[in-house]
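Chemist: Take a look at the following structure, please.
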Amino acid sequence: MDWLTENKIPVGAWAGGMFDWLQDNGAWFFDSVSDTLDAMIDWVLRVLQEPPRLPFGSDEDQWVALWPVDLHPFIVTAVFVALTWALQRSWKVCLLVALGFLFILNQGYWEETTESLTLVLSACIVCMGVGVPIGIAAAHRPKLYAWLRPVLDLMQTLPTFVYLIPAIVFFGIGMVPGLIATVIFVVPAPIRLTHLGVVSTPTALLEAARAFGATDRQVLWKVELPYAFPQIMAGLNQTIMLSLSMVVIAALVGADGLGVPVVRALNRVDTALGFESGFIIVVVAIMLDRMLRVDRK
């Protein structure tokens, strides 16, 4: 057996060489990606944590908030409740969302929750923006999906801690590497579910649309995507749930949010803090799941 181990395939060396080459030759690309994602994260975080401001007086540096900062959590809660009503038309779900946010405020985790929501919302924007088009393309090109399937399996099976190493190398410490690692782990879900929704469109519907002279673009927008909408929303739901499962791991690379108190509790062996912060993550997951649940009728 010694001859087998002495002549091992240098997988690690190949991967290290590839990352070194990317770091040396693709710094401009990674810097631009980091700046773009950082700007998006800052904007989402500002919306969730700070009230909007308007210029005040002649000095352009003087700004006035539209409402007191202390009221901003309640304004954000009201917006989420209104969005829940628009999506679900259920007062019970709206009450659940309102009580969930009030419980978070009661426990003193509003800032950490908004930071985690920023990571989740940013991951949703990136994953759905990338995953849905790729899923549609794979549904129309079986050979492409056959090539993508092992790649998606690798992305979801490879331990998530492995993603953190190149994320730190390319993007440093903070929210951006946490977001990148989250996107790599999560994006297979919307790709798979979008593909499933589009390929599940009944043949009779497609034939009827083409019989009436619909173009490929019209078939996509008026037949396939409406039929696949529940699956696409399921992909969004899975994106949110998987992103929330990454908040603790993202905290290991400097990402703010609910993962920070969990890691702190682990270091201190603090059962009370760990259960408290972990329960807040569960509450956020339940609220978002009920908000975005879509049932095919």
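The values are calculated or read from the model by the stated rules, or taken from the named source; none is laboratory data. Note that the structure is a prediction, hence the values are computed from the model and not measured. Glycine also receives a Cβ, built like all others from the backbone with ideal geometry; neighbour counts cover every protein chain displayed. Ligands, DNA and RNA are stripped out before the accessible areas are found, and what is left, the full protein with its side chains, is counted by its heavy atoms. Shrake-Rupley method; radii C 1.70, N 1.55, O 1.52, S 1.80 Å.
Chemist: Ranked from highest to lowest mean number of other Cβ atoms within 10 Å per residue, what is the order of the peptides 172-184, 96-108?
Modeler: Result, highest mean Cβ count within 10 Å first: 172-184, 96-108.
Chemist: Considering only protein heavy atoms and a probe of 1.4 Å, how much of the accessible area of region 8-94 is carbon and sulfur, as a whole percent?
Modeler: That fraction is 66 percent.
Chemist: Still on this model: Which value, in nm² and rounded to one decimal, describes the direction-averaged projected area of the C-alpha convex hull of region 231-297?
Modeler: Quarter of the Cα hull surface area: 4.8 nm².
Chemist: Dividing the Cα convex hull volume of region 13-133 by residue count, how many Å³ per residue is that?
Modeler: 201
Chemist: On to the next question. Okay, helix-only estimate at 222 nm for the chain: each DSSP H run of n ≥ 4 adds -39500 (n - 2.57), divide by all residues, round to 500 deg cm²/dmol; what do you get?
Modeler: -25500 deg cm²/dmol
Chemist: How much accessible area per residue does the chain have, in Å², with a 1.4 Å probe?
Modeler: Value for the chain: 58 Å² per residue.
Chemist: Given Cα positions, please report Rg to Rh for region 175-296, the hydrodynamic radius being the Kirkwood one.
Modeler: Reported Rg/Rh, Kirkwood definition of Rh: 1.19.
Chemist: Under the rule a/c < 1.5 gives rounded, and otherwise a/b versus b/c splits prolate from oblate, where does region 85-229 land using the Cα gyration tensor?
Modeler: Oblate, because a/c is 1.5 or more while a/b does not exceed b/c.
Chemist: Going by average Cβ density within 10 Å per residue, which order do the peptides 227-236, 64-73, 241-250 take, highest to lowest?
Modeler: Top of the packing list down: 241-250, 227-236, 64-73.
Chemist: Which residue fluctuates the most in the chain, going by a Gaussian network model with Cα springs under 10 Å, if the choices are 38, 24, 256?
Modeler: Looking only at 38, 24, 256, the biggest GNM fluctuation is shown by 24.
Chemist: Right, next: Run the Debye formula on the Cα coordinates of region 200-262, all scatterers equal and no solvent, and tell me log10 I(q)/I(0) at q = 0.14 1/Å.
Modeler: These q points yield log10 I(q)/I(0) values of -0.57.
Chemist: Can you give the Rg/Rh ratio of the chain, where Rg is from the C-alpha atoms and Rh is the Kirkwood radius? It would help to have the intermediate numbers written out before the result.
Modeler: Details: Rg = 22.5 Å, Rh = 21.8 Å.
On the Cα set of the chain, Rg over Rh gives 1.03.
Chemist: How many angstrom lie between the C-alpha centres of region 144-197 and region 110-143?
Modeler: 11
Chemist: Still on this structure: Taking one equal scatterer on every alpha-carbon of region 123-200, how large is log10 of I(q)/I(0) by Debye at q = 0.15, 0.21, 0.24 1/Å?
Modeler: Computed log10 I(q)/I(0) values: -0.54, -0.90, -1.05.
Chemist: Separate question: Once the other residues with Cβ under 15 Å from the Cβ of residue 43 are scored (Lys, Arg +1; Asp, Glu -1), what is the net sum?
Modeler: Working: positive: 46, 53; negative: 35, 38, 42, 50, 115.
Summing Lys and Arg as +1 and Asp and Glu as -1 gives -3.
Chemist: Each label point is 7 Å from the Cα along the Cα-to-Cβ direction; what then is the distance between the points at residue 211 and residue 161, in nm?
Modeler: About 5.9 nm separates the two model spin labels.
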